[in-house]
Amino acid sequence: MGTFHWENLLGAVVYSALGVVMLLIAWVIVDKATPRDLWHLIAEEKNTAVAIVIGSVLLGIAIIIAAAVH
């Protein structure tokens, strides 16, 4: 067994946090770009169609962020 490299773990944590922050920023931008409050539509009005579309958009953005960070 090899030795454990703490700098690899630290790098993974930093890049993970960076990706999460970038995804949250993307959520805010998408939310501001739409005419209605997305959280209200998804959580309170239980609009499944909006949830699927926004989930797909955020998944696409997450893939782009993962590729950029990688």
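Taking the criterion of being within 18 Å of the chain's Cα centre (by Cα), open to solvent by 70 Å² or more (accessible area, probe 1.4 Å) and without any contact (Cβ under 8 Å) to a residue 24 or more places away in the chain, the residues of segment 17-36 that qualify are Val20, Val21, Leu24, Ile25, Val28, Ile29, Lys32, Ala33. Number of residues in segment 41-63 that are in a helix (DSSP H, G or I) and surrounded by 12 or more Cβ atoms within 10 Å (Cβ to Cβ): the value is 10. For segment 20-40, what are the residues that are of a type outside the set (A, V, I, L, M, F, W, C) and part of a helix (DSSP H, G or I)? Asp31, Lys32, His40 - these are the residues of segment 20-40 that are of a type outside the set (A, V, I, L, M, F, W, C) and part of a helix (DSSP H, G or I).
The values are calculated or read from the model by the stated rules, or taken from the named source; none is laboratory data. As the structure is a prediction and not an experimental result, all values here were calculated from the model. Note: ideal-geometry Cβ built from the backbone for every residue, glycine included; neighbour counts use all protein chains shown. Keep in mind that these areas ignore ligands, DNA and RNA; they rest on the heavy atoms of the full protein, side chains included. Shrake-Rupley method; radii C 1.70, N 1.55, O 1.52, S 1.80 Å.
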